[in-house]
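The values are calculated or read from the model by the stated rules, or taken from the named source; none is laboratory data. Bear in mind the structure is a predicted one, so any value in this text is a computation, not a measurement. Positions of Cβ are generated from backbone atoms using ideal geometry, with glycine treated the same way; all protein chains shown enter the neighbour counts. These accessible areas exclude ligands, DNA and RNA; they are computed on the full protein's heavy atoms, side chains included. Shrake-Rupley method; radii C 1.70, N 1.55, O 1.52, S 1.80 Å.
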Amino acid sequence: MPDSFFHPVSGFELPRFAGVPTFMRLPLVDLDNPRIRDVRIGIIGAPWDGGTTNRPGPRHGPRQLRDLSTMIRAQNGATGVRPFELVNCADLGDVGPNPASVDDSLKRMTAFYDRVVAAGIMPLTAGGDHLCSLPILRSLAKDGSVGMIHFDSHTDLYKSYFGGMQYTHGTPFRRAVEEGLLDPKRVIQIGIRGTAYDNEDREFADSAGVRVVPIEEFHARGPEDVMAEARDIVGERETYVSYDIDFVDPAFAPGTGTPEVGGPNSFQALQVARLLDGVNIIGADLVEVSPPFDPSGATAFLGVSVMFEMLCNMALSVADRH
């Protein structure tokens, strides 16, 4: 049974506008705390947007996501899952990036997640831009490639930007495939849309065996059918989940750097995360929330609500293994 130390503070005990905000009001347990050995799922902030090529701001995402996450309660209203009673969860704090160096930040993040993985903790990350996923995968996939379910309006499979820049938020999964971190035949990308520079990313996806579900197909088939295919593609083996908030239509999530119209509504945004039930999740992230473009916090609240849906399935997955 989970230790009561790891239960979130209830709104019946302390008003949600009071106290120091942590992810979902969980205890803050850094990697040097002796209690780290009892944590099974760690929520981590990655306040870094060094890979952003247009509108910066996701470096401020984790702080706003933490603040809005105080509205998350203990029970999933749709499924009845109570994740904090299934496994010990904690806020592990933030990765400390180097805002002046992409290379050093990538190394710092991988070193941090190496420690998380070594401690037997499943990470749920709040970004940051989408380049954050690459160093996380470098830690999680050291022993072999993994599958991925990826929600986004962009493939992030480009070879490079600006004549050879290999590390941007548009390239992480190209690098992950090249480095053997992702098995491309066990990768599905859902919601892809918008104008494009060319077809280079889609041609790479086709040649490598990555399944791309354009938004037109998503709307035509519906979330249940698409997610059934996603579960078939990744199978029962280890799978990472990466969720870019710009998967959602900007009418519901304007606080992001590269919005694309025509996306899912907020209910569908939660629904696809809920339909991860049964996936062998080894880690997940929610990235690209950019507070400067939505000071109201509505985008961040949707983001942490999606994180809670993912957390519920992660907790079920961890509980099933023990």
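Couple of notes before you dig in:
- One residue from 160, 139 being surrounded by fewer than 24 Cβ atoms within 10 Å (Cβ to Cβ), touching a Phe, Trp or Tyr at 6+ places or on another chain (Cβ under 7 Å) and without any contact (Cβ under 8 Å) to a residue 40 or more places away in the chain: 139
- Screening the range 177-282 for strands (runs of 3 or more DSSP E) wholly inside it with 2 or more residues that are in contact with a strand residue (DSSP E or B) (Cβ under 8 Å, 6 or more places away or on another chain) and within 24 Å of residue 123 (Cα to Cα) returns the ranges 182-192, 239-244.
- Matching option when the condition is surrounded by fewer than 21 Cβ atoms within 10 Å (Cβ to Cβ), aromatic (Phe, Trp, Tyr) and either out of contact with any helix residue (DSSP H, G or I) (no Cβ under 8 Å at 6 or more places or on another chain) or without any contact (Cβ under 8 Å) to a residue 40 or more places away in the chain (or both), among 12, 6: 12
- Restricting the first member to the range 44-70 and to residues that are in a helix (DSSP H, G or I), and the second to residues that are surrounded by fewer than 24 Cβ atoms within 10 Å (Cβ to Cβ) and among the basic types (Lys, Arg), the beta-carbon pairs closer than 6 Å and six or more apart or on different chains are 70/16.
- Residue within the range 261-276 that is modelled with pLDDT of 95 or more, over 25 Å from residue 314 (Cβ atoms) and either more than 19 Å from the chain's Cα centre (by Cα) or not charged (D, E, K, R) (or both) present: yes
- Residue 249 closer than 30 Å to residue 160 by Cβ, in contact with a His (Cβ under 8 Å, 6 or more places away or on another chain) and open to solvent by less than 50 Å² (accessible area, probe 1.4 Å): no
- Within the range 52-97, considering residues that are within 16 Å of residue 130 (Cα to Cα) and over 19 Å from the mean Cα position of the chain (by Cα), the one surrounded by the fewest Cβ atoms within 10 Å (Cβ to Cβ): 54
- Subset of the range 252-278 (residues that are β-branched (Val, Ile, Thr) and open to solvent by less than 10 Å² (accessible area, probe 1.4 Å)): 256, 272
- Residue that is surrounded by fewer than 22 Cβ atoms within 10 Å (Cβ to Cβ), more than 25 Å from residue 45 (Cβ to Cβ) and touching a helix residue (DSSP H, G or I) at 6+ places or on another chain (Cβ under 9 Å), where the choices are 224, 236: 224
- On the stretch given as the range 169-196, residues that are open to solvent by less than 10 Å² (accessible area, probe 1.4 Å) and over 30 Å from residue 236 (Cβ atoms) total 1.
- Scanning the range 36-51 for residues that are open to solvent by 20 Å² or more (accessible area, probe 1.4 Å) and in contact with a helix residue (DSSP H, G or I) (Cβ under 7 Å, 6 or more places away or on another chain), we see that the one that is farthest from residue 320 (Cα to Cα) is 50.
- Looking at 37, 25, just one residue is over 20 Å from the mean Cα position of the chain (by Cα) and either polar (S, T, N, Q) or farther than 21 Å from residue 128 by Cβ (or both), and that residue is 37.
- The range 197-207: number of residues that are within 23 Å of the chain's Cα centre (by Cα) and either among the small types (Gly, Ala, Ser) or open to solvent by 40 Å² or more (accessible area, probe 1.4 Å) (or both): 2
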